[in-house]
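Colleague: Dropping the structure in here first, questions after.
The values are calculated or read from the model by the stated rules, or taken from the named source; none is laboratory data. Since the structure is predicted, the reported quantities are computational estimates derived from the model, not experimental observations. Backbone-built Cβ (ideal geometry, glycine too); neighbour counts: all protein chains shown.
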Amino acid sequence: MLSKKSIIGIDDLSVEEVNKVLIHADSFLEVSKRDVKKVPTLRGKTIANLFFEPSTRTKTSFEIAAKRLSADIINFSAQGSSLEKGESIFDTLKTILAMNVDLVVIRHSDCGAAKLISENINIPVINAGDGKHQHPTQALLDLYTIKKKFDSFKGLKVAIVGDILNSRVARSDIELFKKMGIDVTIVSCPMLLPDSMDYINVEIKDSIDDVIDKVDVLYMLRMQFERQDKKFYPSIREYNKFLSLDINRLKKMKLSSVVMHPGPVNRGIEISEEVMSISGKLAEKLEIENQVTYGVAIRMALLYLILG
Amino acid sequence: MLSKKSIIGIDDLSVEEVNKVLIHADSFLEVSKRDVKKVPTLRGKTIANLFFEPSTRTKTSFEIAAKRLSADIINFSAQGSSLEKGESIFDTLKTILAMNVDLVVIRHSDCGAAKLISENINIPVINAGDGKHQHPTQALLDLYTIKKKFDSFKGLKVAIVGDILNSRVARSDIELFKKMGIDVTIVSCPMLLPDSMDYINVEIKDSIDDVIDKVDVLYMLRMQFERQDKKFYPSIREYNKFLSLDINRLKKMKLSSVVMHPGPVNRGIEISEEVMSISGKLAEKLEIENQVTYGVAIRMALLYLILG
Amino acid sequence: MLSKKSIIGIDDLSVEEVNKVLIHADSFLEVSKRDVKKVPTLRGKTIANLFFEPSTRTKTSFEIAAKRLSADIINFSAQGSSLEKGESIFDTLKTILAMNVDLVVIRHSDCGAAKLISENINIPVINAGDGKHQHPTQALLDLYTIKKKFDSFKGLKVAIVGDILNSRVARSDIELFKKMGIDVTIVSCPMLLPDSMDYINVEIKDSIDDVIDKVDVLYMLRMQFERQDKKFYPSIREYNKFLSLDINRLKKMKLSSVVMHPGPVNRGIEISEEVMSISGKLAEKLEIENQVTYGVAIRMALLYLILG
């Protein structure tokens with residue numbers, strides 16, 4: 001029901017297809033809120049969950065999505081597998097495919113891993129994150145979070161703040177948000193931006209204060225310390241000065257605006273402890289847990305549209 | 001169907017509720033002995049099994065219990081999760097909750113971890129062991145083992161032997177057994193007892209020989225070497241002299257009496273190799289495998305009473 | 001429906017029983033090619049998958065086989081289990097059994113582990129590999145691969161090439177192939193052969209060139225580096241000279257002949273990179289992925305015949 005069977009990056013989906021995914025997510029969101037959170041849609045399908053990087057939310061999200069669709073899911077991570085015997089990732093994959101698996105979800109630390117794999121196997125692949133490159137299901141769930149809040153995308157202002165260089169989420173989000181007509185601004189600093197900005201083509205600011213009272217969505221990126229082979233920022237104090245969300249900045253935001261983050265949050269870096277533990281009216285600005293909830297629905301929608 | 005939705009410690013259950021759990025365990029014990037060991041009771045429920053300490057029996061017991069009730073279970077352990085990225089346990093948990101999980105089973109090395117979590121989330125939590133504090137489902141299965149053997153609790157004499165200080169099983173067992181009217185004696189030594197004994201308020205002996213011919217149940221605790229940051233006992237020889245069960249002591253036990261242990265047994269320490277490999281009539285005294293069998297039934301009963 | 005309930009080695013199966021397994025594998029192969037790859041045959045059965053050595057293909061194969069038969073499967077590996085607390089494998093097993101498990105699949109690095117276990121428990125055990133000793137389900141899937149290709153076994157010539165000494169696959173294959181009337185030759189060198197060859201009693205050649213144009217099946221063994229405590233071969237160049245399959249040798253094979261390997265292949269050692277990436281007509285000689293596909297069917301057949 002989608003033109004391309006694999007979802008490697010945002011350009012695998014047309015605007016119409018993105019809208020179709022969001023509409024189906026609504027039905028599956030409802031399933032997850034039922035007393036019996038299960039539909040027989042994908043009974044007898046086998047899905048392989050291949051994670052070659054640590055993950056809680058994405059791996060579990062796909063696992064829950066598959067189970068709620070009644071599919072069988074085979075979890076597979078590098079630890080304890082034949083990779084320890086020196087088997088190449090590709091041979092591992094061919095082995096799993098030969099067991100008549102219907103779809104592969106893959107996360108890998110190499111950019112292009114999911115694409116390479118999808119070109120060499122004849123079943124659908126969903127990219128669950130490849131190095132610093134793409135994370136399309138995260139972008140779809142981020143978009144869905146925005147839709148649930150604002151209903152329409154036209155004229156919405158989103159600022160994406162922080163470590164653009166090392167973030168696959170940033171890459172996928174910028175691409176998808178722009179495709180859907182959202183006005184995207186980046187807030188970052190030269191050390192956290194790629195050398196060439198051609199692919200991005202959005203306005204760049206160097207302090208969160210330049211956008212805080214104008215945006216509808218403040219999208220805080222995670223500092224990807226685990227993907228940084230050198231130190232990208234002089235100090236946390238410097239980072240906090242220009243790129244962090246604290247309580248004072250939160251209070252300057254527009255009434256209807258929201259804060260998003262792909263998680264897990266580095267408390268005290270991207271977002272202050274105080275903001276993370278806030279309660280009352282201002283707490284409603286934080287969409288972080290909704291993003292997780294919507295993630296299951298988005299993944300159910302994708303699995304259904306690809307395999308159903 | 002229980003007054004408190006979470007089971008953190010023994011005081012979350014009234015005497016009536018404990019009896020209700022035991023009665024339901026009988027039905028579920030029967031399910032596990034059927035040819036088709038499965039009932040549709042919790043179909044479409046999602047249970048998260050969060051283990052932050054190594055575990056075979058408790059983790060697998062909950063997993064089997066959930067599957068036999070047709071629930072979906074998400075296994076989650078510290079290894080390979082976002083905890084490696086520095087995510088706090090609490091943020092991990094909020095993530096999992098946001099996926100519309102119905103119940104969380106949690107084991108953690110910190111005393112009070114389960115309680116803290118249950119106070120901050122709005123779904124039921126079952127404590128599967130928190131540090132040296134509590135392990136209520138173990139106590140319930142221990143009580144159920146006693147009930148299957150003796151039918152009534154009144155007047156029964158139970159001696160709990162060994163490492164009280166580091167044992168969450170001891171704490172939960174003592175509390176539950178006393179609540180149900182069982183006469184509890186402790187056999188231990190000062191180094192293996194807590195500084196304050198107020199919470200315990202039971203008779204204390206320092207040699208197993210003081211109780212061996214009087215008890216109905218000899219409950220041997222595991223030496224919790226992995227939770228001991230210093231050496232608690234001068235030598236294994238000393239331990240064996242006062243606190244171990246060997247074949248001579250086994251023979252002195254009353255005809256109808258039984259031996260229990262939460263497992264895994266340190267052979268040669270709490271219980272001798274000879275006793276562990278015994279066969280014939282005396283072997284029937286060992287309830288250790290029955291405890292495991294009853295554990296699945298108790299956990300099915302709890303999951304059913306909380307979610308059913 | 002089999003005379004012995006456990007499958008530890010090839011001699012647990014008569015010729016008639018082997019044929020029965022192969023016939024049932026046909027039905028289950030068909031199930032795995034359906035749109036809905038699931039039958040309710042083993043609903044409510046609990047299977048324990050105990051792997052004490054790293055494994056991708058065998059562990060996943062049993063997991064998929066169990067799920068397609070609707071059984072509940074409990075995955076269990078040494079990591080994260082109570083083995084870390086010093087629990088013996090046998091105590092671990094008794095614990096799992098006490099939870100009313102119906103069948104245990106076990107892989108362990110000790111020869112005889114599966115047999116020892118099967119003699120001490122009263123439920124069926126399937127040996128998924130014990131040290132250098134036996135791997136009967138691999139031999140059955142290898143035989144099934146041959147049957148799918150050649151239909152009959154009589155007069156077929158199979159050469160088994162490489163590390164006989166450290167290979168449980170070799171041992172099980174030789175035994176099973178001979179039992180079914182296949183003509184088996186070994187190609188190896190003294191360093192890769194056991195001291196006593198009595199149990200084998202087949203012709204031995206020292207270069208693949210002696211057999212390459214005569215065999216129907218060239219069965220390339222994996223160099224079991226992880227099981228070799230000393231260096232068994234002077235150099236990879238020497239190995240390649242006598243025991244490797246390269247493109248020139250592949251071209252010399254008979255038209256109808258095939259190449260098999262239990263996987264994972266050490267590329268450049270047993271089989272050259274060029275052969276592994278070959279396309280076109282010659283690629284059809286490689287049965288390696290078919291072996292994996294047939295492995296799921298064979299394991300479904302065994303689980304069904306033992307538990308159904």
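Colleague: How about the stretch B:146-166: which of its residues are touching a residue at least 60 places away in the same chain (Cβ under 8 Å) and either closer than 21 Å to B:Ile8 by Cα or of a type in the set (Gly, Ala, Ser) (or both)?
Modeller: The answer is B:Ala159, B:Gly162, B:Leu165, B:Asn166.
Colleague: Residues of the stretch C:103-131 being surrounded by fewer than 20 Cβ atoms within 10 Å (Cβ to Cβ) and touching a helix residue (DSSP H, G or I) at 6+ places or on another chain (Cβ under 9 Å), which ones?
Modeller: Within the stretch C:103-131, C:Ser109, C:Asp110, C:Cys111, C:Leu116, C:Asn120, C:Ile121, C:Asn122, C:Ile123, C:Gly131 qualify.
Colleague: If you don't mind, there's one more thing I want to ask. Just to be sure, is C:Leu93 part of a helix (DSSP H, G or I) and modelled with pLDDT of 95 or more?
Modeller: Considered against the rule, which asks whether it is part of a helix (DSSP H, G or I) and modelled with pLDDT of 95 or more, C:Leu93 comes out as no.
Colleague: Output the residues belonging to the stretch C:50-62 that are crowded, with 24+ Cβ neighbours inside 10 Å and within 13 Å of chain B (Cβ to nearest Cβ).
Modeller: Correct list: C:Leu50 only.
Colleague: If C:Leu42 satisfies every condition in (1) surrounded by fewer than 22 Cβ atoms within 10 Å (Cβ to Cβ); (2) within 14 Å of chain A (Cβ to nearest Cβ); (3) among the aliphatic types (A, V, I, L, M) but one, which is the exception?
Modeller: (1)
Colleague: Could you list, in sequence order, the residues of the stretch C:101-118 that are farther than 23 Å from B:Phe76 by Cα, in a loop (DSSP other than H, G, I, E, B) and either modelled with pLDDT under 80 or within 14 Å of chain B (Cβ to nearest Cβ) (or both)?
Modeller: Result: C:Asp102, single match.
Yes/no matrix, rows are residues, columns are (1) under 15 Å from B:Tyr219 (Cα atoms); (2) within 14 Å of chain C (Cβ to nearest Cβ):
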{"residue": "B:Asn240", "(1), (2)": "no, no"}
{"residue": "B:Ser244", "(1), (2)": "yes, no"}
{"residue": "B:Arg249", "(1), (2)": "yes, no"}
{"residue": "B:Lys254", "(1), (2)": "yes, no"}
{"residue": "B:Ser257", "(1), (2)": "yes, no"}
{"residue": "B:Pro262", "(1), (2)": "yes, yes"}
{"residue": "B:Val265", "(1), (2)": "yes, yes"}
{"residue": "B:Glu274", "(1), (2)": "no, no"}
{"residue": "B:Lys285", "(1), (2)": "yes, no"}
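Colleague: Continuing with the same structure: Quick check on my filter: what residues within the stretch B:257-296 are among the aliphatic types (A, V, I, L, M), buried (at least 20 other Cβ atoms within 10 Å of the Cβ) and within 19 Å of B:Asp213 (Cβ to Cβ)?
Modeller: Scanning the stretch B:257-296 gives B:Val258, B:Val259, B:Met260, B:Ile271, B:Val275, B:Leu286.
Colleague: Let me spell it out: the conditions are (1) touching a Pro at 6+ places or on another chain (Cβ under 8 Å); (2) at pLDDT below 95; (3) closer than 27 Å to B:Asp91 by Cα, and A:Ile200 meets all of them except one. Which number is the exception?
Modeller: Status for A:Ile200: all satisfied but (3).
Colleague: Still on this structure, I have one more. So is C:Val36 hydrophobic (A, V, I, L, M, F, W, C), farther than 22 Å from C:Gly263 by Cβ, surrounded by fewer than 21 Cβ atoms within 10 Å (Cβ to Cβ) and without any contact (Cβ under 8 Å) to a residue 24 or more places away in the chain or not?
Modeller: yes
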